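Shown next, in structure tokens, is the structure this report addresses.
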Amino acid sequence: MIKGTPELIAERREAIVNACEKLYRTMSFKDITLKEIGNEVPFSRPTIYNYFQTKEEIFLALFEREYDRWNADLEAIAAKDGGMSRKEVAQALSRSLEKRVQLLKLLSMNNYDMEANSREEILTSFKSSYGRSMENFRAIIGKFCPDMNGEQIQNAVRVFYPFMFGIYPYTAVTEKQKRAMRAANVDFTEQTVYELTLAFLTNLLGE
């Protein structure tokens, strides 16, 4: 059992996740270690194990926080008064993801290993935020596309969520990758998160 006040526990947990987030801006998942994270927090490295047992658990907590941030944006869209056209719904959802590049980057990783190396209670907490995003997505489509029935809305979720896994790799292309595609004569057009998502959702929902 973790010792300390609820405020201290929350503060230290947040500090660990913040440290992971900071490192992830410039380092890859495989290069970030618990030692590296420990060097970024204002308490001893062994204290981390009171909160997280593996690096994957910390990343999953960061992942959960990113879903929570996206959920706040989705809930703001769902709360809008008045109607929106399907095109406006697609635009609003695309803008919400445009701000969540870190969520998209995490989605492009090997989530299977991340989840497999996390305790069930941490995985369950993550899945709650993930599931809430699906509920919010369904609520938005149901509210602003009232002619779509329940099965059509669920099919939209089934198609859109797997699509999100590929957004980051297609929109964060390195110069090395560009040179390789040119050398291989691959037809590639650079797109932003907004442009790629909008094109997909416009095709999915119609205008």
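General observations
- Across segment 184-197, the qualifying residues are those that are among the aliphatic types (A, V, I, L, M) and loosely packed, with under 15 Cβ neighbours inside 10 Å, and the one among them that is modelled with the lowest pLDDT is VAL186.
- Filtered by the rule that a residue be surrounded by fewer than 16 Cβ atoms within 10 Å (Cβ to Cβ) and touching a Leu at 6+ places or on another chain (Cβ under 8 Å), segment 134-162 gives a lone residue, VAL159.
- Residue that is nearest to SER118 (Cα to Cα) [pool: residues in segment 20-51 that are part of a loop (DSSP other than H, G, I, E, B) and under 20 Å from the mean Cα position of the chain (by Cα)]: ILE32
- When segment 149-166 is filtered for residues that are touching a residue at least 24 places away in the same chain (Cβ under 8 Å) and either among the hydrophobic types (A, V, I, L, M, F, W, C) or over 23 Å from LYS105 (Cβ atoms) (or both), the ones remaining, listed by number, are ALA156, VAL159, PHE160, PHE163, MET164, PHE165.
- Candidates GLY83, GLY131 - the one that is out of contact with any Pro (no Cβ under 8 Å at 6 or more places or on another chain), surrounded by fewer than 16 Cβ atoms within 10 Å (Cβ to Cβ) and over 30 Å from ASP31 (Cα atoms): GLY83
- Top-ranked residue in segment 52-80 [being assigned to a helix (DSSP H, G or I), over 13 Å from the mean Cα position of the chain (by Cα) and not aliphatic (A, V, I, L, M); ranked as surrounded by the fewest Cβ atoms within 10 Å (Cβ to Cβ)]: GLU75
- From SER28, SER108, residue being in contact with a Gly (Cβ under 8 Å, 6 or more places away or on another chain) and closer than 27 Å to TYR168 by Cβ: SER108
- Contact annotation: residue pairs with Cβ atoms under 7 Å, 6 or more positions apart or on different chains, pairing a residue in segment 184-207 that is free of Cβ contacts under 8 Å to residues at least 40 places away in the same chain with a partner that is outside any helix (DSSP H, G or I) and surrounded by 13 or more Cβ atoms within 10 Å (Cβ to Cβ), are GLU190/VAL173.
- The set of residues in segment 147-166 being more than 16 Å from TYR130 (Cβ to Cβ) and β-branched (Val, Ile, Thr) consists of ILE153, VAL159.
- Near pairs, Cβ below 7 angstrom, 6+ apart or cross-chain, from segment 54-72 (modelled with pLDDT of 95 or more and of a type in the set (Asp, Glu)) to any residue that is in a helix (DSSP H, G or I) and surrounded by 20 or more Cβ atoms within 10 Å (Cβ to Cβ): GLU56/MET114; GLU57/ILE122; GLU64/PHE126; GLU66/LEU103; GLU66/LEU106
- Any chance MET181 is touching a residue at least 60 places away in the same chain (Cβ under 8 Å) and surrounded by 11 or more Cβ atoms within 10 Å (Cβ to Cβ): no
The values are calculated or read from the model by the stated rules, or taken from the named source; none is laboratory data. All values reported here derive from a predicted model rather than from experimental measurement. Reconstructed Cβ throughout: ideal geometry from the backbone, glycine too, with neighbour counts over all protein chains shown.
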